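Notes follow once the structure below has been shown.
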2 protein chains.
Amino acid sequence: MIAAIIIPTFGACGLLFAAYYAFLTSLIRVDPKDKKYDAGDALRGARDISVSQKIFDISNAISTGARAFLSKEYQYMAVFIGLFSIILLLLLGLVHDWVAAVFSTVAFICGSLTSILAGYIGMRIAVYANSRTAIKAELGFGPGFVTAFRAGAVMGFSLVALGLIVLYFLIMLFNLHWPSAYGDHEATRLMYEALAGYGLGGSSIALFGRVGGGIYTKAADVGADLVGKYENHLNEDDPRNPAVIADNVGDNVGDIAGMGADLFGSFAEASCACMVISSQSVDLSASKDVMSFPLIIFAVGIMVSIVTSFIATNIKVVKTKNQIEPSLKTQIIVSTILMTPAAWLCCYYFLPHGEFTVSGMEGVTLIQIFVCICCGLWSGLIIGLITEYYTSSAYKPVQDLAESCRTGPATNIIYGLALGYLSNIIPVFCIAITIYITNKYAGMYGIATAAIGILSTLPIGLTIDAYGPICDNAGGIAEMAGMPDHVRERTDCLDAAGNTTAAIGKGFAIASAAFVSLALFGAFISTKGLTSVDILQPLQFAGLLVGAMLPYWFSAMTMKSVGKAALAMVKEVRRQFSEHPGILTGETPPDYERCVAISTSASLREMILPGALVMLTPLIAGFLFGPECLAGVLAGSLTSGVQLAISASNTGGAWDNAKKYIEAGALGPEHGKGSPEHEASIIGDTVGDPLKDTSGPALNILIKLMAIISLVFAPAMPGIGGGLLVQTHH
Amino acid sequence: MIAAIIIPTFGACGLLFAAYYAFLTSLIRVDPKDKKYDAGDALRGARDISVSQKIFDISNAISTGARAFLSKEYQYMAVFIGLFSIILLLLLGLVHDWVAAVFSTVAFICGSLTSILAGYIGMRIAVYANSRTAIKAELGFGPGFVTAFRAGAVMGFSLVALGLIVLYFLIMLFNLHWPSAYGDHEATRLMYEALAGYGLGGSSIALFGRVGGGIYTKAADVGADLVGKYENHLNEDDPRNPAVIADNVGDNVGDIAGMGADLFGSFAEASCACMVISSQSVDLSASKDVMSFPLIIFAVGIMVSIVTSFIATNIKVVKTKNQIEPSLKTQIIVSTILMTPAAWLCCYYFLPHGEFTVSGMEGVTLIQIFVCICCGLWSGLIIGLITEYYTSSAYKPVQDLAESCRTGPATNIIYGLALGYLSNIIPVFCIAITIYITNKYAGMYGIATAAIGILSTLPIGLTIDAYGPICDNAGGIAEMAGMPDHVRERTDCLDAAGNTTAAIGKGFAIASAAFVSLALFGAFISTKGLTSVDILQPLQFAGLLVGAMLPYWFSAMTMKSVGKAALAMVKEVRRQFSEHPGILTGETPPDYERCVAISTSASLREMILPGALVMLTPLIAGFLFGPECLAGVLAGSLTSGVQLAISASNTGGAWDNAKKYIEAGALGPEHGKGSPEHEASIIGDTVGDPLKDTSGPALNILIKLMAIISLVFAPAMPGIGGGLLVQTHH
């Protein structure tokens, strides 16, 4: 029962650590009327007192906009959670078992609410920290960096710790109240199957966060750019642009809440998949400590992440702009290195020391499981570094891409697409080798532990992901409030490093999504008792082909959604400019709130169709065509979705950084800002925006959500031999 | 033995028909010094005699350029065929069986040479007919249309008839000389396995045609545009542009020879796959007539196509420009309708009337096979019509795409990519349903007959495909020779219809490639005795994932190849302009031949890497990791390649037609040629060019060639249980 001590304790440590960083952030006062406001800071930064007031006001506007989005989104989510709970309860209850149905629904609601809470904390701290980062950036790179990093850590640590603690207490609750009439092993198995509802809850909220949030952020961004930059020649983040607050809110909605919900979903699903698979093993399900193994890894991962984060904030603090990117990269590398022996200790102390049988494999040893975890952990690192290679302007691919702008936008687009395609090669080999090794060593359990491995250092990953948009917003505030130029330059440097790490984060998110959904796929397979998925069979191959098409369909839908939502924004901004000509001259303040409201409702409306595609496909395939066909669909969407997601997010990241590279004058003094080369690079960047921030990351949700829905509804689905519409005869 | 009469007779009819149309084309004289030159034609077309001389000269230049490319390509091909024959002979001979090795190699060489011959005929007639089409277009739409259509038919009919006759006599030769020591059924099986070398030969040449030719045509096109249009503001087809002849040669190299070689490969592979599978059935391999069933379908298809083509040339002749596209579409629809009862007759007279066993399915009847053929035949038509919907400016998708140009090139690119993704949905469902039905009815034999079905009206499909580039070239000649404006307008109308049918042809080529490679996959599976391909196994799933990545890798390689080859062209054109300033003023004639030579060598050099990827992957996967892994790779590359190919070719086609739609003034008088909307549409078109003409169609070769290589080398590969590097234990 050491697990019963370690998991809540380490989880609490994570929460306390997040609270401590939140407290440190709150010490920075931004309201000039606040008694504790440090006017000396402003003086040292050569800032006017009226500027201070502006910073405070803009920060409040972003905060209000973010709250407006959240409260609207919560209404949608409440309806969704309510309706889906009823469907889940009735479908599982009527076809399968009422006890399992009730517990699944409880787990689903818990998962949803935890994800919402974690997202809320992340959004609050991010909008709270952006003005503080701007103020601290006045004093130098170091203070600005530390402020943004700490705020990111609040998000990262509280999300993982919250998820861990809630999941742990949910298991305890289930253990106490689950009727033991089923007999011991069978009862455990059914209980953990019901627990998978937790993963479903997390993943459903991620659908809102990633897809809805992704549409929001790019609709606001593209809408603001199209009317502001192209039609009226305003700068980025010009306060006269009515859509500018929506754009800044979008960074938080998409990149903080969306990314957080996505990875919370991965965390919840990986844990559930691992526990469902181990509950089917007689050897593993006997001990509660062994069953909690994935949670122990996450708990230890929190401690490893706390240690790692001290390097950035206390030991090797950033002083110059060249230290920013290495400092963030060090975080990822150090956490991976530290996690390796820590994972060994977990395996050694919590897994059976003899040979055991799991997911149909006999003679599995704890050393093999350790290798599986390491495969996940280290392939995450390798994929991250490869992503950096393809998206950072420090390396050849982006430099070549910038060169291609010399012959115009078309060559930039062609080379960018090719770059994204090429960036698939090593990550896919990495994933394939990991799957091969882990599957060979421990079947689907091996794959599930690889997913746990890649996610074990999640607090650090999330910290770095959240860091970027906070700096981005800090830059926006500095521009809008008219802070001195050197502040904007500093926040730009902080943000540029954030762009690269954002790309790394996306690569990491996709790789983890691949492992997680494969683990869920494995859990689904063993729940349905399928011993093979033979693609020579008609239904399976047809499923594979259609499944491979789904990511294209889904991407097209999200890309068009961004277009439609952006158009709604364009119309609103045009209306404001024409009805109130004073806005452009700076005499009349624009109506920011209306733009926020339009982006909010457009994004939530536009996510319904893609969301329906993701949620209905596994149900239609599973119930009408049977589990064999659904297995084909899942495998197809997984294999094709990974490729499309990696190439979309890397292409977009590379275009963005190629533009920055050209702006920095790398092609020569006459080929910088305002040159035809720069124009060409802007077109690439605009094309890349929805690819890297909407459709690419949304594919993670597609492959994970389809898999977890299959798993949760598996008990209610027809058995082997086709579905309600098609029967197969063997 | 009715087959022994029907196949050579109908094949000969096809050849005679092609010869008759070639004769009719030759009656049009273009050399003004020719005694039979019809000066009246020129007078009626209000053309100067010096223009006549120019037409003749330009036509000759294109012809010389095409010959230069071909002779260079033949050198490469000769080396390749020689080397590959030795590898094939030694590998199969040493590991498997020397008799099979010799026969496979003979079949390989026959297939290669037939494909080369068919391609040569196609290229010759195309470059022969382009000036004649231009001359006839002076007299009206009808004469121009008929000239181009007839020339296309020469290509279409001679290719299929030649392939059919050579394959038939090869089978007779094999039957005569194959040692019967193996025992009856086993001997037949091994003999047909060796025959698969014919398909390999056809497909290898298609690699040169589609990939090398695809790089050639777009390198010349993009290179000519970049220096000509952007840097020196020359019109399309301006004779002062040194790359203009290379551009015109490229149309023939890529769209005539490449498309022809691709579909010849499909024809040869589908026939071989079908015969390999039927040779493994004791019921079917007993009768030579039944074994020749696929050839009978093709033979009957030739006659159906002859009847169909009379509608276009004699019954409903085109008179106005609005009749062009419907006339071509009628060809496809009528040939499909006529082929349906013809296929029934073939099934009724040549398949066993009782139940038989084939590819592991018992109780198969001729009615089921007829349904399989119809599934292929009609899904080809449906996919063609859907392709038309997504790429013709007569429908909403392209019109919306043109509208998106109002907000700049970036939205055009985003909407175009989304359009391509969406255009996957129905074709993939079509293919999946066909695979499901045919696989359920008759296993892999069903899929193979579906492939035969979709290809049965190939002569008509090829005719229409070849029609487009001939009209395109006719337009180029009209422009360069300075023919009256109405001639160029007419050839533009003829060409615009050709663009749409080219897209249909591409959709058809991809769908047939999918069926063909699946049939080859099936033949490979049964040759290796695999009874299932279980993707839950580590090797199979890893193979699936890596296989799904290959189309991205391959596409990126071909896209970059186009870029590199285009750059070589740009440098050469710039050099000519700077060294001879008289070229731009029209005083000095440019050096066309050098541009042709540069495009030729660059394209052939740049195809080596992608070619190596395609040819080595199945060998590495099969020999090192075993047939199970290779099966995964093939399935993965097939499922992912189909999606990527369809979306690439439809996106490109849609961008091209959106540009034409805007040029026609559909967005309003101020938004036509020269407007920002037009600029945006040009960027889309330029991005789409390599997608639709190089990387998209080249994916057909990827999926087919990998499958046929697997099949041909299957006997030499390790058996079930892993490969040389990795063993699996069951």
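Summary table
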| item | result |
| --- | --- |
| Positive-end residue, the range A:3-716 charge dipole about Cα centroid, Cβ charges, pick of A:Q280, A:G119, A:V253 | A:G119 |
| Long-range amide H partners of A:G722 with built H, under 5 Å | A:E628, A:T728 |
| For B:I171, net neighbour charge (Lys/Arg +1, Asp/Glu -1) across residues whose Cβ lies under 15 Å away | 0 |
| Projected label distance in nm at B:T585 and B:H353, using a 7 Å step from Cα toward the beta-carbon | 8.5 nm |
| The range A:3-716, dipole about Cα centre (Lys/Arg Cβ +1, Asp/Glu Cβ -1), debye to the nearest 20 | 640 debye |
| Using a Förster distance of 51 Å, the FRET efficiency for A:N232-A:V95 (Cβ separation, nearest 0.05) | 0.30 |
| Residue (of A:I302, A:N700, A:G443) at the positive-pole extreme of chain A, dipole from beta-carbon charges | A:I302 |
| Three-way shape call for the protein assembly as shown based on the alpha-carbon gyration tensor, with the a/c threshold at 1.5 | oblate |
| Farthest toward positive dipole pole in the range B:101-239 [+1 Lys/Arg, -1 Asp/Glu at C-beta], among B:G209, B:F149, B:N175 | B:N175 |
| Chain A: angle of helix A:213-224 to the longest principal axis, Cα-based, in degrees nearest 10 | 20 degrees |
| Lys, Arg +1 and Asp, Glu -1 on Cβ, resulting dipole of the range A:301-445 about Cα centre, debye, nearest 20 | 440 debye |
| Label spacing, shortest first and in nm, from B:L724 to its equivalents in the remaining copies (7 angstrom along Cα→Cβ) | 5.4 |
| A:A664-B:S71 pseudo-label distance in nm [points 7 Å out on the Cα-to-Cβ vector] | 5.2 nm |
| Helix-derived mean residue ellipticity, 222 nm - over chain B, DSSP H n ≥ 4, -39500 (n - 2.57), to 500 | -27000 deg cm²/dmol |
| GluC sites (Glu not before Pro) within the range A:388-486: DSSP coil, no more than 14 neighbouring Cβ in 10 Å | none |
| Net charge contributed by nearby residues that have their C-beta within less than 12 Å of A:P352 (K/R +1, D/E -1) | -3 |
| Charge tally in the Cβ shell below 15 Å around B:Y120, where Lys, Arg are +1 and Asp, Glu are -1, B:Y120 excluded | +2 |
| Pairwise FRET efficiency - A:A612 versus A:A78, Cβ, R0 = 22 Å, nearest 0.05 | 0.75 |
| Relative contact order %, chain B, counting alpha carbon pairs below 8 Å whose residues are six or more apart | 20 percent |
| Taking the range A:208-354 and dividing mean pair separation by its residue count, relative contact order in percent (alpha carbons under 8 Å, at least six apart) | 21 percent |
| Relative exposure of A:M191, B:M444, A:M259, A:M361, judged by other C-beta atoms within 10 Å (fewest first) | A:M361, A:M191, B:M444, A:M259 |
| Dipole moment magnitude, nearest 20 debye, the protein assembly as shown about Cα centre, only Lys, Arg, Asp, Glu C-beta charged | 200 debye |
| Two-site FRET efficiency, A:K319 against A:R406, from Cβ-Cβ distance with R₀ of 41 Å, rounded to 0.05 | 0.70 |
| Note, ³J(HN,Hα) from phi for the range B:483-492, Karplus 6.51, -1.76, 1.60, rounded to Hz, x at Gly and Pro | 5, x, 4, 5, 5, 4, 4, 5, 5, 4 |
| Simple label model, 7 Å out from Cα along Cβ direction - A:L139 to B:D31, nm | 9.0 nm |
| Contact order normalised by residue count of the range B:602-730, Cα under 8 Å, 6+ apart, percent | 43 percent |
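Any read-out appearing in this document is the output of simple, stated calculations on the displayed coordinates, not a laboratory observation. A quick note: this is a predicted structure, and the numbers were derived from the prediction, not measured. FYI the Cβ positions are ideal-geometry reconstructions off the backbone, even for glycines, and counts take in every protein chain you see.
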